[in-house]
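Undergrad: Can you keep this structure in mind? I'll have questions shortly.
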Amino acid sequence: MNRVLVVFLLIPGMLMANGTRPFVLARDSVTKGGFVALEELGLAVTCSPAAEARTKVVVTSAETPVRDRALVLRYCVPCERPADFVHTHFPRTPVPVGYRKKDYPAQLAWGDKARGSSVLASAVPLVGVSTKGASAGLALGVEMTCFAICRLGYDAARNALYAECDLGLAPECPKAEYTFVSFPFAADDGFRGAWERYMELHPEAFKVRLKDQGTWIAESSPSAIPNWRDFGFRIHQGFGYHGCDKGRSKANEAAFAEDDANGILSFRYTSSSNWDLSIPTNRPNDMVSARAVAAERAARGDRMAQAWAECCFHDERGEPSSVFFNEHWLRGVALNLNAEPDLPVKMTPYVAKGNSKEELDGRYSRPFPQGLDGEFVDSASGFGLQSFDYNRAHYAHMKDAPLCFDHETGRVAIYKAASTRAYIRRLADEVHARGRLMMVNDCAGLYHFYAPYADVLGIETMSFDLATGAYRQKKDHIVLQYRLLAGRKPYCIFQNSNFERMTDEMFEWFMARCIAYGIFPSFFSTVQCKSKYTRFFANPEWRERVRPLYRKYFPTAKAVAEAGWEPVNRTLCSAEPDVVTVEQFGRPGRACYVTVLNPGDAPARATLRPSHGFAAASAYADLISGVSVPVGEPFDLRPHELRVLRLDGNL
């Protein structure tokens, strides 16, 4: 075994124990051993200071020859004193150390979604700890742009914060790099104070490029809707479906001109790594037919077929990753492609979907905001297809995204999100260089590394239980995660549902909950509806049901979102009960708003008190109802009721 070099450097500003340094451990996921020094596993590591509050960690296989390794890397930052509290994005209050079996933040499953993997990873790339009576806590996180599937928490036995990363090494890719951030934060501000500092350390990732914000609509023509301004349409998605249309057809040009005249932004549609291949009904719906149809299309110059021939995902058997359908929307196969733009092949999915320099220059030849205004990337989370690429020809070309591994088999592979991130990052760089905008749909879950490149973040949801007919809202920690990853950037949500069965109350509950977090609510696809319409705003009956709600809520939604979310509420805080959520938008010194939501099914009484020494007035007007809300006195909230209070002046 080669000699291993291990270097640990002190990071300025860390609240660590005297004489201690950050340290790195690892364990072999296949042998299921414990965490040990890396040299015991045949690995070398270097830790070196990077930008402010950051440390770059490089792990390299020291074995000869290099073999496939499925590893869990643990980067540890010792604390000055044993921690009493762990600060995570959920629950909203600090968690006493030892309260839960594992002191992780809220977690989500990752791995092979097609098999329903239950392996967990942190939903937000930051965790903090503090001790009783201390003014400062210590936070540890992953760089916002760093590709890492990780778990963050506090190890009480070692008295250290840690970030665990699932890492694969292989002969084609024997090295991995990660960047971690660690810094002090005001303990009284809890996780919110830590996240505020995290945002300050990532100014480009949280930069707000779209100041004039509004509602998201797909495919339908906004101006074809009578009095469309009631709905506040600002983002129009649906041009150049799957990249086959270069965005310059006469129909698109007319739509662009229409949107330009109405102050609506036009976004071109692609998905990064999926390809739906239709198979004629006179052929069997199987892989033999799929290969033949793809080859025929490639010979005719179909770029997606050409890209699939060289960039397709392999499954564990070395076969193309695929899911077959026999539905009205696809009789054929959904195929997976590696979307890394720099794969050394003749045709990549990135170029096949219309993103060559010549095509980008052509699409964006006019000054902003004339013509097409940006790119929309759909299905960023993968849309249920296989999550791992076992095509070893791709391993060496994943740039700065380390390999991962399947926890169930221990096999090293490329995680699909790594190639999706590469596609999104390259396209964002191109459109930003041309003064345009980027929108990413399904920008949530574990994939914090998509958010830095998106100017508008989106997701689709369903709040209606088709089986029971009950309203099923997203939980607080899920919607809060959307807001955390976006920072002050606009976030939009599509409701996909059985709109025939949703009640007027349910429509209002959905809209109120979105606005409480500064999110723009909208509606899109039907689910199990008898109507001939498949898109919400194309149906006059449905859109007229929500028009009064948009007239009631949209002006407030726009004001709140554009004021910009503040992680720490420094104006009014909720004293009771915990079920009521309170968020601040805008900073003292200009228009400032506080949203107060009762998300429960039962009435609640809330009391708002000044926080952080804020000299409050006796009452504030609610923009929704127009009723004054007293400060320091209890007031009633109906189930799912939203209040939005405006605070003006030099606070």
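The values are calculated or read from the model by the stated rules, or taken from the named source; none is laboratory data. Note that this is a predicted model, so its numbers are computed, not measured. Here Cβ is always computed from backbone atoms with ideal geometry, including for glycine, and neighbour counts include all displayed protein chains. Areas reflect the complete protein model, heavy atoms only, side chains present, ligands, DNA and RNA absent. Shrake-Rupley method; radii C 1.70, N 1.55, O 1.52, S 1.80 Å.
Undergrad: Treating each Cα of the chain as an identical point scatterer and ignoring solvent, apply the Debye formula and state log10 I(q)/I(0) at q = 0.06, 0.10, 0.11, 0.12 Å⁻¹.
TA: -0.35, -0.99, -1.19, -1.38
Undergrad: Nearest 5 is fine: what % of DSSP beta bridges in the chain come out antiparallel, could you say? Each step should come with its number before you reach the end.
TA: Numbers: 102 of 135 bridges.
If I count the DSSP bridges inside the chain, around 75 percent turn out antiparallel.
Undergrad: Could you work out how far apart the two model spin labels at A157 and S625 are, taking each label as a point 7 Å from the Cα in the direction of the beta carbon, and quote it in nm?
TA: A separation of 5.3 nm, rounded to one decimal place.
Undergrad: Taking segment 407-559 on its own, what percent of its Cα-Cα pair distances exceed 23 Å? Can you show the working numbers first?
TA: On the way: 5411 of 11628 pairs.
Summing the P(r) of segment 407-559 above 23 Å gives 47 percent of all pairs.
Undergrad: Moving on to the next point. Which semi-axis lengths, in whole Å and largest first, follow from the square roots of five times the eigenvalues of the Cα gyration tensor of segment 517-651?
TA: Over the Cα atoms of segment 517-651, the ellipsoid semi-axes are 32, 17, 12 Å.
Undergrad: Additional query: Using only alpha-carbon positions, what ratio does the radius of gyration of segment 528-573 give when scaled by 2.2 N^0.38 Å?
TA: Scaled against compact globular proteins, the figure is 1.78.
Undergrad: What's the whole-number percent of alpha carbon pairs in segment 425-476 lying beyond 18 angstrom?
TA: Details: 631 of 1326 pairs.
Distances greater than 18 Å cover 48 percent of the Cα pairs.
Undergrad: What size of dipole, in debye to the nearest 20, comes out for the chain about its Cα centre when the only charges are +1 on Lys and Arg C-beta atoms and -1 on Asp and Glu C-beta atoms?
TA: Values: 77 positive and 74 negative charges, 48 e Å.
Dipole size: approximately 240 debye.
Undergrad: Using only C-alpha positions, report the orientation-averaged shadow area of the convex hull of segment 388-478, nm², one decimal.
TA: 8.9 nm²
Undergrad: Short version: what are the Cα gyration tensor semi-axes of segment 203-316, square root of 5 times each eigenvalue, largest first, in whole Å?
TA: 37, 19, 13
Undergrad: From the mean inverse distance of alpha carbon pairs (Kirkwood) and the Cα radius of gyration, derive Rg over Rh for segment 156-268. Before the final figure, lay out the partial values.
TA: Values: Rg = 23.1 Å, Rh = 19.3 Å.
Expressed as Rg/Rh, it is 1.20.
Undergrad: Further question: Roughly speaking, to the nearest percent, how much of segment 311-389's 1.4 Å accessible area is carbon and sulfur?
TA: About 54 percent, which is the carbon plus sulfur part of the accessible surface.
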